Amino acid sequence: MLGTMKSLHLVPTWLSLIPILLGLTGSSLLFWTLPSMLHGQRNQPVSGTPVGAQRAPVPSVAGKGMADLQEQVDQIARARGVLKDQMDSISHDAATAQWLLAMVIGVAGLLTLAQGVFAFFSAQNYVTRANEAVEKAEKLADDVRAKFPMFANIESARAEAFKQLSSLIPALDDDSNLYGQSDWMTRQSIFTIESFSAIQFLTPMNPGPELLGNLRLLGKFYAGKFAVERQLESDFERSQYYFELALQKFGRPFSVLNDVGWLFSTMANPTDLDRARAAFEESLRRRPGQQRALFNLATITLERGDQSRLEAGLRLLLRAKQQPNWEDGPNPRMASHVDYNLACFYDALAELKSAPSEKQEMLDQCMNLFESAAKVGAQEEKIVNADLKGGDLRNLTQSAAHTHRLQAALAMYELAWKRV
């Protein structure tokens, strides 16, 4: 409502310029054409007298040769007179054309000026009516706030609750548990305003980025609630509902398809990898230059002991590493997960290599990528420790050639975990 009123207040400013521009245009045309019209009136066509029309008398005593010479002079004089008449006629025609053109432009200037005057009064009438409408709308808003003071604070409460939810690092790009990371006050704020916000979700008016973000936040919120409590199937269904609503309202955005894939590959119990894979693949078709879909497709492909699946997942992660954006833009924190998972894949491939040189090469790659991920330190402590102690990085832990580098990388992780 506030944005609409601001727009209405801006309209009179622009409308007032229209009659001014029209008046200036009409006045300029008249100023330019008036001298031409007056000059055309002063220079009316006049009849010229042919030069050389009078013939000089020739003495009777002149000889025949003198008479011939006089005849030639007369012919030249007559030709000059004809030429002068033609030049005068052309000059007269040009002056007439100039005068007519000035008249036409002058009439156009008068019409433009008249239109400017008409536009001035029309603009004044519109501005008056617009101001009256704005005043009525503002008065109506004041009356509503006075009669229903509770409504005045609902929108600010809704915005503040979603602001708190989205401030969790980073709320939409991160695949962490949004419900688990939020404090009890934020959770209760979301529960309180959710029913009111549902009106916004279901109405067809002006779906925009804010609505899309709120739907995704609520989908992740209830997915996290289901993962933490593992009690109510309705929490999972509510998460799925918000994601599906976002898909319907916004034409299946690739980011929401990533959310759906994450829901079924990570939060569902049991997981539905076929459904997750379909969502990630559609997301990748809609936005090829992203890391998130490639990362998640590789993650659900990981199966230790299956070389073909490991190599397929490795190719996906290497493709992801070449992309600059996690989704819509760079995200170094999430990109470090690509390095971490690549390290896990190289560890699993090293296990399948019988030649010591090939095994060493795989573990070297694993160590390099583990160090790269440790510089960011985005992985949780419990996950890193579990992978190193018999998990997806167990071969790296057992490699004596990498002991010192592994300890240095773990020291970087320790610093990152202390900062959280």
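The values are calculated or read from the model by the stated rules, or taken from the named source; none is laboratory data. Keep in mind that what you see is a predicted model, and the values were worked out from it rather than measured. Quick reminder, even Gly has a Cβ in these numbers, built from the backbone with ideal geometry, and neighbours come from all protein chains shown.
Can Arg304 be described as modelled with pLDDT under 90 and either more than 23 Å from Val256 (Cα to Cα) or β-branched (Val, Ile, Thr) (or both)? Answer is yes for this residue. Within the stretch 126-157, restricting attention to residues that are at pLDDT 75 or above and among the polar types (S, T, N, Q), the residue that is surrounded by the most Cβ atoms within 10 Å (Cβ to Cβ) is Asn131. Would a scan of the stretch 334-351 turn up a residue that is exposed (fewer than 14 other Cβ atoms within 10 Å of the Cβ), within 35 Å of the chain's Cα centre (by Cα) and at negative phi? Within the stretch 334-351 (the criterion being exposed (fewer than 14 other Cβ atoms within 10 Å of the Cβ), within 35 Å of the chain's Cα centre (by Cα) and at negative phi), the answer is no, since none of the residues qualifies. Taking the criterion of being at pLDDT below 75 and among the β-branched types (Val, Ile, Thr), the residues of the stretch 50-90 that qualify are Val51, Val58, Val61. For the condition closer than 24 Å to Arg319 by Cα, buried (at least 21 other Cβ atoms within 10 Å of the Cβ) and of a type in the set (D, E, K, R), Asp364 does not qualify.
Contact map, the stretch 372-386: first residue assigned by TED's automatic domain parsing to the domain that holds Ala411 and within 14 Å of Val338 (Cβ to Cβ), second residue of a type in the set (S, T, N, Q) and in a helix (DSSP H, G or I), Cβ cut-off under 7 Å, separation 6 or more or different chains; pairs are Ala373/Ser336; Val376/Ser336; Ala378/Ser336.
Quick one: which helices (runs of 4 or more DSSP H) sit completely within the stretch 182-279 and have at least 1 residues that are within 28 Å of the chain's Cα centre (by Cα), at pLDDT 85 or above and surrounded by fewer than 17 Cβ atoms within 10 Å (Cβ to Cβ)?
233-249
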